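Below: one structure, written as structure tokens.
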Amino acid sequence: MRTPYFIIVVVAFVLSTSCRKTDTLRTTIPGQEDPQERIPKSVINAFVKQQLDAHGYFDWKMANDTMVWSALLHGDSILSVGYSASSSAGEILALIGNKEDVASGKDQHNPTAEKLRFLNVRVSRYETVSALRSSDKVRYAEPIGYGAFMKDVNPRDAAAASDILASGCGYNSAKTDLVAGVDFMAISPAAKLSWNYGYHRIEQAWQRSTGQHIKVMIIDTGVSPQQENLGSAFNQGLSSGRTIQKLGTYNSSPDDPCGHGTSMAGVLAGPRGTDGNTAGIAYNCDLVIVHAAENVVLLSTSAINGVTNAYVLGADDPAVKIISMSMGTLFSSGQIKDALSYAYSKQKLMFCAAGTSTSFFAGFVGVIFPANQPQVVAVTGMKDNLRDRCDACHTGSKVDFAIVMQKSSGRNPLSIAMTGNVPSTVGGSSVATASCAAIAALVWSKYPAYPRDSIIARMARASGFANSRSSKFGWGLIDANAAVGF
């Protein structure tokens, strides 16, 4: 992922913190009394950064009622409300209806809401926010779409907000300057082996496993309908007898307007074919790819709901073994946490990107949400010196594995472009995550009777820091051949 992963918060935070010290910030946030004015975005953004600096994550429970109400009104006024097992959606709606007009209190839940016990409701009044957050029937009440509005521009203006609403998009085009023997090796029948596969002994692992009979779900921005290698030519050459499904939970369409999802699918499951394109690491696995968000930074209400729905789809498909998501956000989401817990209870092995941003920002922001959650395996990228993180990759104690994905020249691993048979390239923790999930598919294909935790254990034992876990890279670089075993 080449676009700075969280550039929007850099802009907002620099503007706010340049003129406001931490101690002053605390005294400028109104108390819990019914406020007359909203807290400005700049103050909210600075508070978010303060919590990130102090704790390494941000949850709306850290903010008071006034700040949550202000963020709600700065955004789309949709509140995500998780209710307890001892209460019902009807009770929550009744509580809201007592304080809002009928239209505002009307339930706007998505199809998985009943299963995960949450609602999306339109709320405008402070007293409603305060009542919900103080109720023992409510687990969380969050301004779900604030991220898309946090910059001081109108997000409905596509030009003004393009850096927010297109983050990580537009870079999946064919690379005509790839050099044989440097950027790739030619392999049978007529495919390309990405330069970084050697660091993980992928080709050797292929002697015993190619991912067959393992179904992997990718939650991302969809897949290009123009790319035959992820469509009608998914089975070609040495890739055969497998399936690909294309689903949409963001706007019901599986099509990829961004390019990021297509590149993740290529890295993980591109066919080892006859048309000269690059081979994915698990080139014989079954694939489900879900268009769940507009870009790689989860900011909008639609994206949060799209990802929530996607995890539940994966959880409810008994054939899905692995779920890979190379997207994330700085804001914790209660309903995505619920979805992760639900999928984990169904024995899904989940991989998430640790985060990718500008080199400076990656230096002091650690593992992002949801990679920082205990149910998932967090993955980051490393340079080919086998020592340093990639220029834009996040590291930290929550990272579990690392993948080599940046040359000293800056070249990233090969993937499949939006159309045609000339490969593209893709970087950041995004490609690292898809690669790690693909290695897991190789291992699980070799040991289909193993439970989820045993697959992770094999990968950890076959990694560079197996005997002494790193505080930055977890178990480190995986030797896929050793993980697959003999």
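Would you mind checking the stretch 234-273 for residues with the amide N under 18 Å from a putative spin-label position 7 Å along Cα→C-beta of LYS346?
Residues passing the 18 Å test: 244-250.
Which FRET efficiency value, to the nearest 0.05, is calculated for PHE486 and SER240 with the Förster distance at 25 angstrom and r the Cβ-Cβ distance? It would help to have the intermediate numbers written out before the result.
On the way: r = 25 Å, r/R0 = 0.98.
Computed FRET efficiency for PHE486 and SER240 comes out at 0.55.
If each residue of separation counts as 0.36 nm, what is the full-extension length gain between TYR450 and VAL182 once their alpha-carbon separation is subtracted?
On the way: separation 268, 0.36 × 268 = 96.48 nm, distance 3.73 nm.
Stretched out fully, the TYR450 to VAL182 stretch lengthens by 92.7 nm.
Would you compute, from DSSP H runs of 4+ residues alone, the mean residue ellipticity of the chain at 222 nm, taking -39500 (n - 2.57) per run and dividing by the full residue count, rounded to the nearest 500?
My calculation for the chain gives -9000 deg cm²/dmol from helical runs alone.
What's the ranking of 329-335, 37-43, 382-388 by average number of surrounding C-beta atoms within 10 Å, highest first? Can you show the working numbers first?
Values: 329-335: 24.0, 37-43: 16.7, 382-388: 14.9.
Final packing ranking: 329-335, 37-43, 382-388.
Using modelled amide H (1.01 Å from N, peptide plane; none on Pro or chain starts), what sits under 5 Å from the amide H of LEU287, excluding residues fewer than 5 places away?
Excluding prolines and chain starts, which carry no amide H, the hits are VAL216, THR243, ILE244, GLN245.
Using the Cα gyration tensor of the stretch 47-105, with a ≥ b ≥ c the square roots of its eigenvalues, what is the shape: rounded (a/c below 1.5), prolate (a/b larger than b/c) or oblate (neither)? Before the final figure, lay out each step's value.
Working: a/c = 3.39, a/b = 1.73, b/c = 1.95.
Here the stretch 47-105 falls in the oblate category.
Contour minus end-to-end for GLN226 and ARG208, with contour as 0.36 nm per residue of separation and end-to-end as the Cα-Cα distance?
The span from GLN226 to ARG208 would gain 3.2 nm if fully extended.
Can you work out the Karplus-derived ³J(HN,Hα) for every residue in the stretch 185-195? Use 6.51 cos²θ - 1.76 cosθ + 1.60 with θ = phi - 60°, whole Hz, and x for glycine or proline.
For the stretch 185-195, the Karplus-derived couplings read 10, 6, 10, 5, x, 6, 10, 10, 9, 4, 4 Hz, x marking Gly and Pro.
Along Cα→Cβ, 7 Å out, is where each label goes; now give me the distance between the ones at SER470 and LEU386 in nm to one decimal.
Output for this residue pair reads 1.1 nm.
Rounded to whole Hz and in sequence order, give me ³J(HN,Hα) for the stretch 57-70 from the Karplus expression 6.51 cos²θ - 1.76 cosθ + 1.60, θ = phi - 60°, writing x for Gly and Pro.
Rounded to whole hertz, the list is 7, 10, 10, 5, 5, 6, 8, 7, 4, 5, 5, 4, 4, 5.
Pull up all non-local amide H partners of SER463: gap of 5 or more, or a different chain, and H-to-H distance under 5 Å with H placed in the peptide plane.
Excluding prolines and chain starts, which carry no amide H, the hits are ASP479.
Rank-order 203-215, 277-289 by packing density, defined as the average count of other C-beta atoms within 10 Å over each peptide's residues, highest first.
On the way: 203-215: 20.1, 277-289: 28.5.
Sorting 203-215, 277-289 by mean packing, highest first, produces 277-289, 203-215.
The numbers here are math on the coordinates, done by the rules we state, and not lab data. Values in this document were obtained by computation on a predicted structure and should not be read as measured data. Please note: Cβ atoms are built from the backbone with ideal geometry, for glycine as well, and neighbour counts cover all protein chains shown.
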